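Q: Take this structure, written in structure tokens, and hold onto it; I'll ask about it next.
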Amino acid sequence: MDTIVAIQVAAWRSMYADVLPDEVITELAGAEAGERFREQWHSSLRSPPTSWHRLLVSTERRAVVGFAALGPAGDPDRWPATDAEIYALHVDPDHVRLGHGSRLLNACVDHLTEDGFHAVHVWTLEAPNPLRAFVEAAGWAPDGARRELDVGERVPMVRFHASIGERTG
């Protein structure tokens with residue numbers, strides 16, 4: 001879990017340093033937040049909510065350098081039997097632009113299609129950031145859903161989606 005948490009924190013710091021308040025970025029890198037993240041990851045991996053919840057990793061020279069967490073969509077306007085969500089997709093900042101993100105995204109779609117999902121969503125900050133640019137470049141589009149992340153101040157988020165698999169009947 002330490003590697004996943006380290007990648008998550010490093011990615012957030014790298015991706016969102018210009019968007020989130022400095023105190024939030026500092027808090028994310030703190031020991032208390034790290035311990036909370038480790039507990040959350042340990043709990044979710046030990047007892048996933050469904051058999052469709054997955055954690056995929058990307059490796060380089062046998063070291064984990066990126067990960068994606070995915071499963072059924074959790075938003076009330078999505079149907080969890082056919083709509084999926086990528087809850088997190090992060091690559092260590094020292095390993096970005098080497099294909100890890102693309103391979104993780106493709107692996108997510110492959111697993112979700114195998115599991116019978118027809119659409120996949122991901123939430124990202126509304127302000128320009130690497131995750132938003134990445135999913136837009138991959139052909140995903142905003143679907144009109146919005147929410148706010150409360151980090152002491154409200155930060156707008158948008159949901160992107162892509163169609164996957166085939167719908168029948």
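The values are calculated or read from the model by the stated rules, or taken from the named source; none is laboratory data. On a predicted model such as this, the values are computed, not experimentally measured, just so you know. With ideal geometry, Cβ positions are generated from the backbone for all residues, glycine too; neighbour counts draw on all protein chains shown. These accessible areas exclude ligands, DNA and RNA; they are computed on the full protein's heavy atoms, side chains included. Shrake-Rupley method; radii C 1.70, N 1.55, O 1.52, S 1.80 Å.
Q: Could you identify the single residue in Leu125, Leu89, Leu104 that is buried (at least 16 other Cβ atoms within 10 Å of the Cβ), modelled with pLDDT under 95 and closer than 16 Å to Glu136 by Cα? Let's see the steps before the verdict.
A: Details: Leu89 fails: modelled with pLDDT under 95; Leu104 fails: modelled with pLDDT under 95.
Testing whether each residue is buried (at least 16 other Cβ atoms within 10 Å of the Cβ), modelled with pLDDT under 95 and closer than 16 Å to Glu136 by Cα leaves just Leu125.
Q: Continuing with this model, one more query. Determine which single condition Val120 fails, assuming it passes every other condition in (1) aliphatic (A, V, I, L, M); (2) open to solvent by 40 Å² or more (accessible area, probe 1.4 Å); (3) modelled with pLDDT of 95 or more.
A: Of the numbered conditions (1) aliphatic (A, V, I, L, M); (2) open to solvent by 40 Å² or more (accessible area, probe 1.4 Å); (3) modelled with pLDDT of 95 or more, the odd one out for Val120 is (2).
Q: Looking at this structure, is Thr82 farther than 24 Å from Gly165 by Cα and at pLDDT 95 or above?
A: Working: farther than 24 Å from Gly165 by Cα: no; at pLDDT 95 or above: yes.
For Thr82, the condition - farther than 24 Å from Gly165 by Cα and at pLDDT 95 or above - is not met.
Q: Anything in the range 59-76 that is free of Cβ contacts under 8 Å to residues at least 24 places away in the same chain, under 24 Å from Phe160 (Cα atoms) and not in a strand (DSSP E or B)? List them, or say none.
A: Once the filter is applied, which keeps residues that are free of Cβ contacts under 8 Å to residues at least 24 places away in the same chain, under 24 Å from Phe160 (Cα atoms) and not in a strand (DSSP E or B), the range 59-76 yields Gly74, Pro76.
Q: A follow-up question, please. Give Val135, Val158 a once-over and let me know the one that is modelled with pLDDT of 90 or more, touching a Ser or Thr at 6+ places or on another chain (Cβ under 8 Å) and not in a strand (DSSP E or B). Show your work before the answer.
A: Details: Val158 fails: not in a strand (DSSP E or B).
Testing whether each residue is modelled with pLDDT of 90 or more, touching a Ser or Thr at 6+ places or on another chain (Cβ under 8 Å) and not in a strand (DSSP E or B) leaves just Val135.
Q: Further question: Residues in the range 8-21 that are modelled with pLDDT of 85 or more and more than 17 Å from Thr124 (Cβ to Cβ): how many?
A: 2
Q: Let me ask you something else. I'd like to know if the range 36-58 contains one or more residues that are in a loop (DSSP other than H, G, I, E, B), hydrophobic (A, V, I, L, M, F, W, C) and in contact with a Ser or Thr (Cβ under 9 Å, 6 or more places away or on another chain).
A: Looking only at the range 36-58, we keep the residues that are in a loop (DSSP other than H, G, I, E, B), and these are 47-53.
Okay, now just the ones that are also hydrophobic (A, V, I, L, M, F, W, C), so 52.
This time we only want the ones that are in contact with a Ser or Thr (Cβ under 9 Å, 6 or more places away or on another chain), so: none.
No: zero hits.
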